[in-house]
Amino acid sequence: MLLYAFMLVSAWKKPLREPSNRGRAFASAALIFALIVTAAASGARAGEGEDLFEKVIRPYLVERCYECHATHGMREQDLAVDWAGGLSEGGASGPAVVPGKPTESVIMTALRHEDSLLMPKGGPKPAPEIVKAFERWIEVGAPDPRREAPSADALAKETSWEAIFARRKQ
């Protein structure tokens, strides 16, 4: 981006009466405008993904998935969904989440109850709104602030009834 800004400034230093300079200046200005618009759009998408994660994805994972798929505990099928690395590493069936690719994300198959992956195990199929939220979250890059696997104490605190009740009140 700095290179394009430099090109724009350089083009403006030369007289615009010359046709070749006018073309360069216009092309540089158009390119910088496109880069700014793209950066703003991707920032909005990331914000959308973060909101979805905090309001829908994280609460659902805590309440419906951590019991069987957490770092400390059962970790069925070698899958931990309590941190970003666990979702991207996945388990026996492959990566649970592939950012930007909901069709390649095993978690979508499980949430939709396809291919005999009926999650949550023994529970009802998630509401269509939940499935759509997961799909959208993955489409926008699956932003997840949980960079490290939680300690046993942190996991116990996050899955306590008090913590779940507080999230439900929001």
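Before moving on, here are some points about what is shown:
- Residues located in region 73-94, provided they are assigned to a loop (DSSP other than H, G, I, E, B), out of contact with any strand residue (DSSP E or B) (no Cβ under 6 Å at 6 or more places or on another chain) and hydrophobic (A, V, I, L, M, F, W, C): Met74, Ala80, Val81, Trp83, Ala92
- Long-range neighbours under 7 Å by Cβ, at least six apart or interchain, first residue on the phi > 0 side of the Ramachandran plot within region 69-84, second surrounded by fewer than 16 Cβ atoms within 10 Å (Cβ to Cβ): Gln77/Ala92; Gln77/Ser93; Asp78/Ala92
- Which listed residue, of Val97, Val62, is in contact (Cβ under 8 Å) with a residue 40 or more places away in the chain and either open to solvent by 70 Å² or more (accessible area, probe 1.4 Å) or not in a helix (DSSP H, G or I) (or both): Val97
- Residue count for region 111-170 under the criterion of being touching a His at 6+ places or on another chain (Cβ under 9 Å), assigned to a loop (DSSP other than H, G, I, E, B) and open to solvent by less than 60 Å² (accessible area, probe 1.4 Å): the result is 4.
- Within region 34-88, considering residues that are of a type in the set (Ser, Thr, Tyr) and modelled with pLDDT under 90, the one nearest to the chain's Cα centre (by Cα): Ser42
The values are calculated or read from the model by the stated rules, or taken from the named source; none is laboratory data. Just so we're clear, the structure is a prediction, and the values are computed from it rather than from any experiment. Backbone-built Cβ (ideal geometry, glycine too); neighbour counts: all protein chains shown. For the accessible areas, the whole protein counts, side chains as well, though only heavy atoms, and no ligand, DNA or RNA atoms are used. Shrake-Rupley method; radii C 1.70, N 1.55, O 1.52, S 1.80 Å.
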